[in-house]
Amino acid sequence: MSEIVVSGIRSTGNLHLGNYFGAIRNFLKLQEQHQCYFFIADFHSLTTHPTPSDLLGNTRQVLIEYLACGLDPEKCVLYRQSDVHEIPELYLLLNMNAYLGELERCTTFKEKARKQPNNINAGLLTYPVLMAADILIHKASKVPVGKDQEQHLEMTRNFAARFNRMYGVDYFPEPVAYNFGKELIKIPGLDGSGKMGKSEGNAIHLSDPPEVIRKKVMRAVTDSGPTQANQPMSEPVANLFMLMKIISSTDTYQYFLDSYNQCTIRYGDMKKQLAEDIIAFIKPIYDRIIELNNRPDYLKQVIELGADKARQSASKTLKEVREIIGFKAF
Ligand code: AMP
């Protein structure tokens with residue numbers, strides 16, 4: 001059954017392989033099956049005070065990268081949050097029934113407040129309310145979120161149920177997390193531990209040229225090599241094998257796995273092969289990033305189409321919400 005799905009996209013570009021396999025690949029599937037609203041969360045980004053020139057540049061880059069990956073503006077509604085004025089209005093209305101205690105208890109708020117003690121602004125505190133507005137404005141039923149966003153989604157359900165209760169209506173659905181089941185994979189970084197991430201400095205970006213990818217992969221952490229047959233792998237080596245399993249052909253993966261198990265492996269050869277396979281995998285995306293960078297008219301068209309479609313759905317919801325609350329015509 002087709003559902004209404006809403007998901008935010010962070011508004012800084014430079015997506016990496018982790019983003020691709022963790023989130024974007026799932027978006028590509030979702031857009032085929034559901035009514036999807038994907039938005040670039042540029043209002044949310046204001047909590048960290050970007051400069052005006054960065055704000056547009058970041059949004060443009062992220063739009064280009066998502067289009068290059070295959071998000072199709074004909075199949076999904078791809079828009080910029082700040083183009084939909086109904087969202088901040090719903091945010092204001094929801095704020096009236098969001099309580100200081102519950103907002104202060106939110107784990108991500110506590111974390112952010114610890115990280116930026118000199119900038120604990122009200123936007124940071126009410127971040128989950130804006131997120132609820134993003135979701136409820138389209139009356140979404142499903143939200144593809146990572147573990148770290150589960151609490152926000154729970155708060156969205158609370159705000160939706162509270163609204164329904166307060167006004168004695170059955171208006172907002174209570175959205176749940178989209179369950180990808182086994183499809184969720186964690187892409188490791190190249191530094192031997194943890195996951196590939198934007199702030200870790202261990203990532204391969206979709207916009208990295210081939211020579212940069214080669215350098216990054218060749219620098220990846222390994223160990224001194226296996227000394228006995230079928231020796232368990234150290235974490236850095238297991239990470240490289242995991243990347244290879246995802247990116248390279250089954251034969252290539254099996255060849256290096258066998259040579260590891262027989263202690264004949266040369267990590268240099270493995271890295272060279274992995275780098276070339278990553279380059280080949282990224283090439284169509286990389287080429288399209290460059291192409292889209294030179295098509296400002298097309299980008300304008302995409303963002304305007306997205307704004308139109310998102311506002312159609314959002315204005316309908318807001319009109320109904322206003323009536324329920326009691327803002328009726330004279
Ligand atoms: P971020 O770039 O940290 O804003 O992440 C955006 C989304 O990309 C996350 O919600 C995850 O779904 C996905 N993601 C980021 N890093 C990884 C990774 N290393 N492995 C798998 N998925 C990831």
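Taking the 1.4 Å solvent-accessible surface of the chain as the whole, the part contributed by carbon and sulfur is 52%.
Under 5 Å from the amide H of V176 lie the amide H atoms of K142, V143, each residue being 5 or more positions distant or on a separate chain, with H modelled from the backbone and absent for Pro and chain starts. Cross-link reach is defined here as a Cα-Cα straight distance under 14 Å, omitting same-chain residues fewer than 8 places apart; for K272 the aspartates and glutamates meeting it are E211.
Quick one: grab the alpha carbon gyration tensor of the range 185-254, order the square roots of its eigenvalues as a ≥ b ≥ c, and give me rounded if a/c is under 1.5, else prolate or oblate depending on whether a/b is larger than b/c.
prolate
Per-peptide packing, taken as the mean over residues of other Cβ atoms within 10 Å, places 10-19, 135-144 in the sequence 135-144, 10-19 from highest down.
In the range 210-291, what is the volume of the convex hull around the alpha carbon atoms, normalised per residue and reported in Å³?
It comes to 81 Å³ per residue, whole-number rounded.
Within the range 6-27, which residues have the backbone N less than 14 Å from the label spot 7 Å out from N293 along Cα→beta-carbon, could you tell me? Flagged as within label range: 13-15.
Packing around the peptides 201-207, 250-256, taken as the average count of other Cβ atoms within 10 Å per residue, puts them in this order, highest first: 201-207, 250-256.
Against the empirical 2.2 N^0.38 Å (N residues), the range 121-178 has a Cα radius of gyration ratio of 1.09. Protein heavy-atom accessible surface, 1.4 Å probe, per residue over the chain: 50 Å². For the range 1-69 and the range 90-145, what is the centre-to-centre distance using only Cα atoms, to the nearest Å? With the range 1-69 and the range 90-145 each reduced to a Cα centre, they are spaced 19 Å. Only helices enter the 222 nm calculation for the chain: every DSSP H run of n ≥ 4 contributes -39,500 (n - 2.57), and dividing by all residues gives -17000 deg cm²/dmol, rounded to 500. Report note on the peptides 299-307, 101-109, 70-78: ranked by the mean count of other C-beta atoms within 10 Å, highest first, their order is 70-78, 299-307, 101-109.
When the pairs K75/K195; K29/K110; K110/K195; K186/K271; K29/K215 are compared against a 26 Å limit on Cα-Cα distance, K75/K195; K29/K110; K29/K215 fall above it.
The tail of the calculated P(r) for the chain beyond 24 Å holds 60 percent of all Cα-Cα pairs.
The values are calculated or read from the model by the stated rules, or taken from the named source; none is laboratory data. Remember, predicted model here, so these are calculated numbers, not experimental data. Heads up, the Cβs are rebuilt from the backbone with ideal geometry, glycines too, and the neighbour counts pull from every protein chain shown. When the accessible area is computed, the model is the full protein with side chains, heavy atoms only, and any ligands, DNA or RNA have been set aside. Shrake-Rupley method; radii C 1.70, N 1.55, O 1.52, S 1.80 Å.
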